[in-house]
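Shown next, in structure tokens, is the structure this report addresses.
The values are calculated or read from the model by the stated rules, or taken from the named source; none is laboratory data. All values derive from a computational prediction rather than experimental measurement. Because the Cβ atoms are built from the backbone with ideal geometry, glycine has one as well, and the counts that use them run over all protein chains shown.
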Amino acid sequence: MPSSASRPRRPAASAPAAGEDAPSSDAPAPTRAPGGQDKPPSSSKAGRNLPVAIGVGLAMGAVVLVALLTVRQAWIGIVAICAVIGTWELFGALHRAAGIRLSRVPVLVGGQAMIWLAWPFGTEGILGGLLVTVIGCFLWRMRLGAAGFVRDVGASMLVLCWIPLFMAFGTMLVVPADGAQRVLTFLIVVICSDTGGYAVGALIGRHPMAPKVSPKKSWEGFAGSIVFGSLGASLSIALLLDDQWWWGLVVGPLLVGTAVTGDLVESLVKRDLGIKDMGSVLPGHGGLMERLDSLVTSAPVAWLLLFLLVPVHG
């Protein structure tokens, strides 16, 4: 695999997430209109078409909300589709940038098995699907010989665990009778974390949180994520799950931590591969993984915390 230092870098310009300051240095320069007037750039400071990005985000949220409020089992289909797209994006990025030969078929098929088996069989179904898929990845890659075996299988394991395995626990959230409310609680906390972190970081962010990974993230923004995420968790647990609001002071910070971790992990992968976005499936956003990064790593933690702390109602 070529080293990250030997590949040309392009500045990452993905949409800001939890704790990220408003970008400034990557803003497109204004063009000169006839008569010497400056024309404002058509995109946001993040290099995105902001109206389109907002419209796409609202449309995605509406689809999820309608599914949860009508037939909550439709959430499994949404998770499954997102897992396929996210997996395919990561496969493509790894292959194009590093020439890695991945076990595409076993990971795609096994990933779907883990997600769909989570409803009837719970964690046992997820574990069984994972074990079979790992063996399938070994066998699939063996046919290409020894050269690069460790690298290729290791990358396949990364994709398998990072996307479908974690997302399978997102499926587990919707299994109980109050599953729709649990999924909404999970989504609300992560969205509050991202929004609060971006707003506070843009206003008062001064101290870089991880300058070698994501220079625009600040500790002030992270504090904003903690405050807004905890508030969202407390209100959701009290109003949606009919339980004690103070559990939000546990759930909120922990989910904020995993959400920020997911965003940093994706930033590291993109920097290592020397790419700007994982894909281009979402207008104004880039790839789907640009929107899933914080949700994916938070899903198993959200399931575990709500399972342990909040009894099922309904």
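Listed values, structure above:
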{"read-out": "Number of the condition not met by Leu254 [criteria: (1) over 30 Å from Ala118 (Cα atoms); (2) touching a helix residue (DSSP H, G or I) at 6+ places or on another chain (Cβ under 9 Å); (3) not hydroxyl-bearing (Ser, Thr, Tyr)]", "value": "(1)"}
{"read-out": "Test set (1) at pLDDT below 90; (2) outside any helix (DSSP H, G or I) - Gly57 fails condition number", "value": "(2)"}
{"read-out": "Residues of segment 71-87 satisfying the condition of being over 10 Å from Val159 (Cβ atoms), of a type outside the set (A, V, I, L, M) and touching a residue at least 12 places away in the same chain (Cβ under 8 Å)", "value": "Arg72, Gln73, Trp75, Cys82"}
{"read-out": "Within segment 192-219, considering residues that are among the charged types (D, E, K, R) and free of Cβ contacts under 8 Å to residues at least 60 places away in the same chain, the one nearest to Gly262 (Cα to Cα)", "value": "Lys212"}
{"read-out": "Checking Ile237 against (1) over 19 Å from the mean Cα position of the chain (by Cα); (2) of a type in the set (A, V, I, L, M, F, W, C); (3) surrounded by fewer than 21 Cβ atoms within 10 Å (Cβ to Cβ), the condition it does not meet", "value": "(3)"}
{"read-out": "Residue pairs meeting the criteria (Cβ under 6 Å; at least 6 apart or on separate chains; first in contact (Cβ under 8 Å) with a residue 24 or more places away in the chain, in segment 167-181; second small (Gly, Ala, Ser) and surrounded by fewer than 23 Cβ atoms within 10 Å (Cβ to Cβ))", "value": "Ala177/Gly314; Asp178/Gly314"}
{"read-out": "Where Ile85 falls short, out of the listed (1) among the aliphatic types (A, V, I, L, M); (2) closer than 26 Å to Arg291 by Cα; (3) at pLDDT 95 or above", "value": "(3)"}
{"read-out": "Residue within segment 230-246 that is among the acidic types (Asp, Glu), at pLDDT 90 or above and farther than 21 Å from Met60 by Cα present", "value": "yes"}
{"read-out": "Conditions (1) within 27 Å of Gly129 (Cβ to Cβ); (2) not assigned by TED's automatic domain parsing to the domain that holds Arg101; (3) not charged (D, E, K, R): number failed by Met209", "value": "(1)"}
{"read-out": "Segment 218-228, residues that are of a type outside the set (Val, Ile, Thr) and in contact with a Pro (Cβ under 7 Å, 6 or more places away or on another chain)", "value": "Ser218"}
